[in-house]
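One structure is given here, and the rest of the page talks about it.
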Amino acid sequence: SEFSGVPVVQVNSVSIGGLSRWVKRIEDVAVSVLLIVALSPLLLLTALAIKLDSLGPVLFRQVRLGKNGRVLRMFKFRSMYKDAEDRRHEVGDLNQSNGPLFKVKNDPRITRVGRVIRKTSIDELPQLLNVLIGEMSLVGPRPLPATDIANPNEWEARRFAATPGMT
């Protein structure tokens with residue numbers, strides 16, 4: 001649009017409701033089922049590699065904040081040693097993020113298999129289960145880690161208006 005003769009970009013809030021919301025949900029379920037079936041050999045090989053590489057469960061459930069700030073347990077393939085959450089304080093001073101997220105490059109808590117599945121984003125594939133059960137969508141804002149968001153600012157709080165997504 002134009003403001004005082006100057007072209008500007010206008011951002012409008014868009015919410016999905018009614019029939020559109022149902023169509024999106026049906027698409028999410030259909031695509032997630034197809035992807036789970038099609039990727040099942042890769043998912044099984046990844047699970048086996050994780051089990052052979054280190055002790056602990058194959059899946060990691062991280063507490064995230066979803067739609068309307070509701071808590072959800074987001075599934076991921078475990079890419080760190082099983083005691084990584086307990087050892088977070090050991091790498092706290094290595095945090096490279098200025099925002100609410102905790103990011104450490106070359107984190108020593110990451111396993112050998114973990115490095116590969118993170119680099120290829122295979123660790124994210126179990127979130128198809130979150131999509132299937134309706135906690136997440138294929139497309140939407142990434143759910144924020146509950147531990148990293150104590151007091152969400154206005155922008156972060158607006159993210160809670162939508163169903164979180166894998167992408």
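The values are calculated or read from the model by the stated rules, or taken from the named source; none is laboratory data. None of the values given here were measured: they were computed from a predicted structure. Heads up, the Cβs are rebuilt from the backbone with ideal geometry, glycines too, and the neighbour counts pull from every protein chain shown. Note: areas computed on protein heavy atoms with side chains; ligands, DNA, RNA excluded. Shrake-Rupley method; radii C 1.70, N 1.55, O 1.52, S 1.80 Å.
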Just to check your reading of the model, which residue among Asp123, Asp107 is modelled with pLDDT of 95 or more, of a type in the set (Asp, Glu), in contact with a helix residue (DSSP H, G or I) (Cβ under 8 Å, 6 or more places away or on another chain) and open to solvent by less than 50 Å² (accessible area, probe 1.4 Å)?
Asp123
Filter region 36-51 down to the residues that are touching a residue at least 40 places away in the same chain (Cβ under 8 Å) and under 20 Å from Lys119 (Cβ atoms), then identify the one that is most open to solvent (accessible area, probe 1.4 Å).
Leu42
Qualifying positions in region 138-156 - in contact with a strand residue (DSSP E or B) (Cβ under 9 Å, 6 or more places away or on another chain) and at pLDDT below 95
Val139, Gly140, Pro141, Arg142, Pro143, Leu144, Pro145, Ala146, Thr147, Ile149, Pro152, Glu156
Please tell me if Phe75 is closer than 30 Å to Ile26 by Cα, of a type in the set (Phe, Trp, Tyr) and at pLDDT 95 or above.
yes
I want to confirm something. Restricting to region 59-72 and keeping residues that are assigned to a strand (DSSP E or B) and in contact (Cβ under 8 Å) with a residue 40 or more places away in the chain, which single residue is farthest from Lys119 (Cα to Cα)?
Val71
Could you tell me which numbered condition Gly18 fails, if it satisfies all but one of (1) over 17 Å from Val139 (Cβ atoms); (2) open to solvent by 90 Å² or more (accessible area, probe 1.4 Å); (3) of a type outside the set (Phe, Trp, Tyr)?
(2)
With respect to Ser13, is the statement that it is within 20 Å of Pro141 (Cβ to Cβ), open to solvent by 100 Å² or more (accessible area, probe 1.4 Å), at pLDDT below 90 and of a type outside the set (A, V, I, L, M) true?
yes
Within region 79-87, is even one residue at pLDDT below 85, open to solvent by 70 Å² or more (accessible area, probe 1.4 Å) and not charged (D, E, K, R)?
no
Unique match (being farther than 25 Å from Ala162 by Cβ, assigned to a helix (DSSP H, G or I) and either at pLDDT below 95 or not hydrophobic (A, V, I, L, M, F, W, C) (or both)) among Gly92, Gly56:
Gly92
